[in-house]
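Step one of this worksheet: look at the structure below.
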Amino acid sequence: MKLKTFIISLLITTTLTKLKAQTVLVAGDLAIILANTDNPDQVRLVALTTIASGTMISLTDNGWLSTGSFRGGEGTDIFTFTSGAACGDTLTIPISNMSLSASGDQIIIYQGTSATPSMITAMNIEGSFVW
């Protein structure tokens with residue numbers, strides 16, 4: 001019985017030490033410093049806070065509607081910080097599911113689901129309302 005309890009405790013401890021907590025990012029914790037709309041599409045970010053390994057963010061070129069939801073029909077990429085990031089680090093994010101267009105597009109970065117996103121940063125690529 002003691003051996004069984006020991007093995008279960010060992011398994012639980014091993015599992016818990018391997019789990020990595022995500023950094024919960026807030027608006028302004030990342031900044032977009034480059035958006036390449038020619039092949040290859042890329043986004044370059046600068047971390048404005050320390051980000052733990054295992055943290056996931058979503059990047060989409062779906063527009064944001066006045067109804068408080070994403071417009072569909074475009075793409076979303078999910079990026080995982082495999083080795084974390086220190087404040088000031090720059091990261092190049094490869095794009096595979098979005099097709100960025102210089103003739104009018106945006107990049108919105110968030111955590112959570114597309115139904116309940118927690119917005120981090122965004123960039124409008126073209127037009128008179130570039131932001």
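Where a number appears in this text, it was derived from the coordinates with a stated rule and is not lab data. Remember, it's a predicted structure, so these values are computed and weren't measured experimentally. Backbone-built Cβ (ideal geometry, glycine too); neighbour counts: all protein chains shown.
Odds and ends about this structure:
- Summed residue charge, Cβ within 9 Å of Ala102's Cβ, Lys/Arg positive, Asp/Glu negative: -3
- Electrostatic bookkeeping for Thr92 treats Lys and Arg as +1 and Asp and Glu as -1; over the other residues with beta carbon under 13 Å from its beta carbon, the sum is -2.
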